[in-house]
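Encoded as structure tokens, the structure appears first; notes follow it.
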Amino acid sequence: MIDEIVEDADERMGKSLDSLQQAFAKIRTGRANPSLLDTVTIEYYGSVTPLSQVASISVEDGRTLTVSPWEKPLIPEIEKAILKSDIGITPVSTGDVIRVPLPPLTEENRKDLAKTARSEAENCRIAIRNIRRDAINDIRELVKEKEATEDDAHRAEDRIQSVTDARVAQVDKSLASKEADLMEF
């Protein structure tokens, strides 16, 4: 039972890390990355659809994304959706494809994006600590119900703490990597 609690905590912490990686992918660096457009959705035959399901998104060069819709009539819709998104970039249509040039980041933009990345990392650390707290509470409940011994509970708490420490170290490593990307000129 204790092993299941530890494994569940580790799995949930891993999911928090995955969520952090997705959040980091949405924070643009100076380079073009198709994941920047992951949050863009368009109205497609009456339903809201992610852009990646109605068009091919590729990197043309280091600072330009190319969006090739599978249906030509979608081009104006895609342009509107990109403009309405909170990404802060302006698409340029060339008939068959939409080019999305990414302006170079200013020093101030880089610092703001780094601040956002630190905030996302802190939210992930908080989620990991909350998972640790829940797991330790579950173990203490087992002791209270006489389903586990005090010694087993202490060993399990130590295991959970070591898993937590490892996951927080991964968060710190990801944050350092993202900040290095952001500050790169």
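Points to keep in mind about this one:
- Among residues that are under 18 Å from the mean Cα position of the chain (by Cα), within 16 Å of Ala25 (Cα to Cα) and of a type in the set (Gly, Ala, Ser), Ala180 is included.
- For region 18-28, the condition of being not in a helix (DSSP H, G or I) and not β-branched (Val, Ile, Thr) holds for at least one residue.
Yes/no per residue for (1) touching a strand residue (DSSP E or B) at 6+ places or on another chain (Cβ under 6 Å); (2) outside the structural domain of Ala148 (by TED's automatic domain parsing); (3) closer than 30 Å to Asp138 by Cα:
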{"residue": "Arg12", "(1), (2), (3)": "no, no, yes"}
{"residue": "Ser16", "(1), (2), (3)": "no, no, yes"}
{"residue": "Gln22", "(1), (2), (3)": "no, no, yes"}
{"residue": "Val48", "(1), (2), (3)": "yes, yes, no"}
{"residue": "Ser58", "(1), (2), (3)": "yes, yes, no"}
{"residue": "Asp61", "(1), (2), (3)": "no, yes, no"}
{"residue": "Val67", "(1), (2), (3)": "yes, yes, no"}
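- Note on region 74-131: residues that are in a helix (DSSP H, G or I), more than 20 Å from Leu20 (Cβ to Cβ) and of a type in the set (Val, Ile, Thr) total 3.
- Test for Asp86: is it more than 15 Å from the chain's Cα centre (by Cα) and crowded, with 17+ Cβ neighbours inside 10 Å: no
- Conditions (1) touching a residue at least 60 places away in the same chain (Cβ under 8 Å); (2) exposed (fewer than 13 other Cβ atoms within 10 Å of the Cβ); number of the one not met by Tyr45: (1)
- Looking across region 50-73, the residues that are in a loop (DSSP other than H, G, I, E, B) and not small (Gly, Ala, Ser) come down to Val54, Arg63, Trp70, Glu71.
- Residues satisfying the stated conditions in region 133-154, i.e. in contact (Cβ under 8 Å) with a residue 60 or more places away in the chain and part of a helix (DSSP H, G or I): Asp134, Ala135, Asp138, Ile139, Leu142, Asp152, Ala153
- Filter result for the condition that a residue is surrounded by 12 or more Cβ atoms within 10 Å (Cβ to Cβ), touching a Cys at 6+ places or on another chain (Cβ under 8 Å) and not polar (S, T, N, Q), over Leu51, Leu20, Leu65, Leu37: Leu20
- Test result for Ile75, touching a helix residue (DSSP H, G or I) at 6+ places or on another chain (Cβ under 9 Å), modelled with pLDDT of 85 or more, more than 30 Å from Arg155 (Cβ to Cβ) and not charged (D, E, K, R): no
- Ala81 being of a type in the set (Gly, Ala, Ser) and in contact with a helix residue (DSSP H, G or I) (Cβ under 6 Å, 6 or more places away or on another chain): no
- Filter result for Ser119 (small (Gly, Ala, Ser), surrounded by 13 or more Cβ atoms within 10 Å (Cβ to Cβ) and within 30 Å of Ser177 (Cβ to Cβ)): no
The values are calculated or read from the model by the stated rules, or taken from the named source; none is laboratory data. Predicted, not measured: the structure shown is a model, and the values here were computed from it. Don't worry about glycine lacking a Cβ; one is built from the backbone with ideal geometry, like all the others, and counts go over all protein chains shown.
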